[in-house]
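Encoded as structure tokens, the structure appears first; notes follow it.
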There are 2 protein chains.
Amino acid sequence: MKRETNLNPTMKDVAQESGLSLATVSKVINGLPVGKASRQKVEAAIKKLGYQVNNYARALKSNKTYSVALVLPSLKHPFFAYLTDELTKSLMSRGYRAILMITNYDPDAEQKSFAMVRSNKMDGVIALTYSPDLEVGDSISIVTIDRHLDEDIPCVSSDNFRGGELAAKKLIDLGCRKLLFMRITSRIQGEPNKRCAGFESVCQSRNIDYETLLLMDDEPEEPIFQFLENHIHDGEFEYDGIFCNSDILAGQVIRFLSERNISIPDQVQLIGYDGIIDRLTDSYVCSTIEQPIAQMAETAVNILLNPDENNAGANICLPVRYVSGGTTKE
Amino acid sequence: MKRETNLNPTMKDVAQESGLSLATVSKVINGLPVGKASRQKVEAAIKKLGYQVNNYARALKSNKTYSVALVLPSLKHPFFAYLTDELTKSLMSRGYRAILMITNYDPDAEQKSFAMVRSNKMDGVIALTYSPDLEVGDSISIVTIDRHLDEDIPCVSSDNFRGGELAAKKLIDLGCRKLLFMRITSRIQGEPNKRCAGFESVCQSRNIDYETLLLMDDEPEEPIFQFLENHIHDGEFEYDGIFCNSDILAGQVIRFLSERNISIPDQVQLIGYDGIIDRLTDSYVCSTIEQPIAQMAETAVNILLNPDENNAGANICLPVRYVSGGTTKE
């Protein structure tokens, strides 16, 4: 509902009210030095008139809009919701507006969002996209999360390779001898692919038997559950340690095995990835490799707003940690 | 990272390139009627030059910024994340930008967000706030979710009273004879208070024994669990039906009772509120009263962008439905 509209006082009105020149008022508003007495008079006039800085006029003049687009596929996945929460708080604390764009994993919507960043003259974009051939175009400041869009665009992620190593080491240290890596993956080349590589490198160097099971996210999920079913014999699962590339997938596997009376963590130990807190129980949903989401958000915002040629194309991998969440023996 | 900067073609450049007048170019850009041949020439020139409409200049002229603030406490609660997802998509589909403001339940941050809406000349705000004495001020278009901020501000919510009635009826129809209503509540007067009232009205009219247990959200949660503990005797819980005012609380109660070997739904049936989908299992976390989140978002955006004096102060309660999620007998 539109409520009663106020008068819109201008800088001229402030000058008249304070009895000072427009130049002095402008200096106060733009934070430039003026005498203390003048500043106080201007501030009193601003307060009395209810003068508001017109950010759009300022944007036209300064060529800066203090707005950053957040391009994400959805907020219905807890990792994206947490990331957006932290990115928004980080931008707000620096006086920037977070302009949220939800793309529903649609390549056209992703491409369109970049066009909007340009036509709205936003100061930049932080994006987590799924299209394999996105045109970023010139004149956009961009930082990605988990994606390599172009060779000179910085990418912030958790240390996915190290996360995969950590998971394998932990399962082996806890006594597992036949490991399984499970992943539902998209067709684009993203940072999370390294989770598998890190996992495999530890299994190979420690000479531990392992298998990897990959499924594309545009395929039906049945094969994964068929695989699990086929490897249960006489109430025993063939693998004694599982690493899933997300807590969501881990949750599905836990449920499937539990329904078949495979005991976790007694018969099978399981580690997920992300570090999602289940709001229903206020605890981790499984043992997991936790992504430092707040730190990832801070870093992405920092790099975007303080560009440094040294960061061109950098891949900033932030440290992960293992947390026990009941699906491993410790 | 700032990438190579493009030349910034103006409307004048488009006019020159197309060989047409500035007036004609302006008409095409602003969607006014011109001859087909002229339109095609202008469009070809726009494409060739990569001309972008300057929305900030347009905002200054039209006094419209095509931006709406979404003021929410957090995205770490799934209800808020889903709501923000739907609100953003609804705004984007109408060509509006969603400017996200996360307040962390902080009254100062909530108040400050309204000041930003004003100083940024946004077209309006959709807010879900927690401060008991928020100053909305004049000249802001506002629609709230679940809150009554002022007598002429429209409020969109689910039909909370009906939801409470539905839950009580369902539990009674499924055989429950001693009911418990549990709620963690804030000190502000919000729409969700009606859930208890609807629940009580059915219990009273059907002459069913019931108790209500309220806890303020700024108090420790122990009393709730102490109450549950005190009402378990010899492996039986004193109540055979529970209605919780959120799925989050329901999840905590389910966990607490399960750990004490109280079987759900055999011994105790339980209904939550919200309709949260657990992303880990892709199913409802409990039997629940589902809020129509997408419809609430559409309605809030519609009312905000198409103000109608008849809606001043209206409380728009959208229909809820009961869904079975395994914690009731059907």
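Yes or no: the stretch A:228-237 includes at least one residue that is free of Cβ contacts under 8 Å to residues at least 24 places away in the same chain, open to solvent by 20 Å² or more (accessible area, probe 1.4 Å) and in contact with a strand residue (DSSP E or B) (Cβ under 9 Å, 6 or more places away or on another chain). Among the residues of the stretch A:228-237, at least one is free of Cβ contacts under 8 Å to residues at least 24 places away in the same chain, open to solvent by 20 Å² or more (accessible area, probe 1.4 Å) and in contact with a strand residue (DSSP E or B) (Cβ under 9 Å, 6 or more places away or on another chain), which makes the answer yes. Number of residues in the stretch A:177-189 that are modelled with pLDDT of 95 or more and touching a Lys or Arg at 6+ places or on another chain (Cβ under 9 Å) equals 1. Of all the residues in the stretch A:137-183, those that are of a type in the set (A, V, I, L, M, F, W, C) and over 30 Å from A:Ile264 (Cβ atoms) number 8. Could you tell me whether the stretch A:111-123 includes any residue that is of a type in the set (A, V, I, L, M) and in a loop (DSSP other than H, G, I, E, B)? Taking every residue of the stretch A:111-123 in turn, at least one turns out to be of a type in the set (A, V, I, L, M) and in a loop (DSSP other than H, G, I, E, B).
Do the conditions hold for B:Arg195, that is, is it of a type in the set (Lys, Arg), surrounded by fewer than 20 Cβ atoms within 10 Å (Cβ to Cβ) and within 20 Å of B:Gln291 (Cα to Cα)? Against the criterion (of a type in the set (Lys, Arg), surrounded by fewer than 20 Cβ atoms within 10 Å (Cβ to Cβ) and within 20 Å of B:Gln291 (Cα to Cα)), B:Arg195 does not qualify. The residue that is farthest from A:Ala312 (Cα to Cα), counting only those in the stretch A:119-142 that are within 11 Å of chain B (Cβ to nearest Cβ) and surrounded by fewer than 19 Cβ atoms within 10 Å (Cβ to Cβ), is A:Ser119. Counting only residues that are open to solvent by 30 Å² or more (accessible area, probe 1.4 Å), farther than 21 Å from A:Lys170 by Cβ and over 20 Å from the mean Cα position of the chain (by Cα), the stretch A:259-280 holds 3 of them. Can you name every residue in the stretch A:148-170 that is under 13 Å from the mean Cα position of the chain (by Cα) and either within 14 Å of another protein chain (Cβ to nearest Cβ) or among the aliphatic types (A, V, I, L, M) (or both)? Of everything in the stretch A:148-170, those that are under 13 Å from the mean Cα position of the chain (by Cα) and either within 14 Å of another protein chain (Cβ to nearest Cβ) or among the aliphatic types (A, V, I, L, M) (or both) turn out to be A:Cys155, A:Val156.
Criterion applied to B:Arg183, B:Arg187, B:Arg162 was being in contact with a Cys (Cβ under 8 Å, 6 or more places away or on another chain) and not in a helix (DSSP H, G or I), and the one residue passing it is B:Arg183. Pairs are defined by a Cβ separation below 9 Å, a sequence spacing of at least 6 or placement on different chains, a first member in the stretch A:34-46 that is outside any helix (DSSP H, G or I), and a second member that is of a type outside the set (Asp, Glu); the pairs so defined are A:Val34/A:Leu20; A:Val34/A:Thr24; A:Val34/A:Lys27; A:Val34/A:Val28; A:Val34/A:Val42; A:Gly35/A:Thr24.
A:Ser283 meets the conditions (1) within 18 Å of B:Ser258 (Cα to Cα); (2) open to solvent by 40 Å² or more (accessible area, probe 1.4 Å) in every case but one. The failed one is (2).
Taking the conditions (1) open to solvent by 20 Å² or more (accessible area, probe 1.4 Å); (2) closer than 27 Å to B:Leu75 by Cα in turn, B:Lys170 satisfies each one other than (2).
Each residue in the stretch B:68-88 was checked for being crowded, with 23+ Cβ neighbours inside 10 Å and of a type in the set (D, E, K, R), and 1 of them qualify. Across the stretch A:288-320, the number of residues qualifying as in contact (Cβ under 8 Å) with a residue 60 or more places away in the chain, more than 29 Å from A:Arg97 (Cβ to Cβ) and not aliphatic (A, V, I, L, M) comes to 1. Residue-level analysis places B:Ala59 outside the set of residues that are at pLDDT below 90 and more than 11 Å from chain A (Cβ to nearest Cβ). When residues in the stretch A:103-118 are screened for being buried (at least 18 other Cβ atoms within 10 Å of the Cβ) and either of a type in the set (Asp, Glu) or within 13 Å of the chain's Cα centre (by Cα) (or both), 1 of them pass. Looking only at residues of the stretch B:72-110 that are part of a helix (DSSP H, G or I) and touching a Ser or Thr at 6+ places or on another chain (Cβ under 7 Å), we find that the one that is nearest to the other protein chains (Cβ to nearest Cβ) is B:Asp85.
The values are calculated or read from the model by the stated rules, or taken from the named source; none is laboratory data. Since the model is a prediction, treat every value here as computed from it, not as a measurement. Cβ coordinates were reconstructed from backbone atoms using ideal geometry, including for glycine residues, and neighbour counts include every protein chain displayed. Accessible surface is based on the protein model in full, side chains and every heavy atom, while ligands, DNA and RNA are left aside. Shrake-Rupley method; radii C 1.70, N 1.55, O 1.52, S 1.80 Å.
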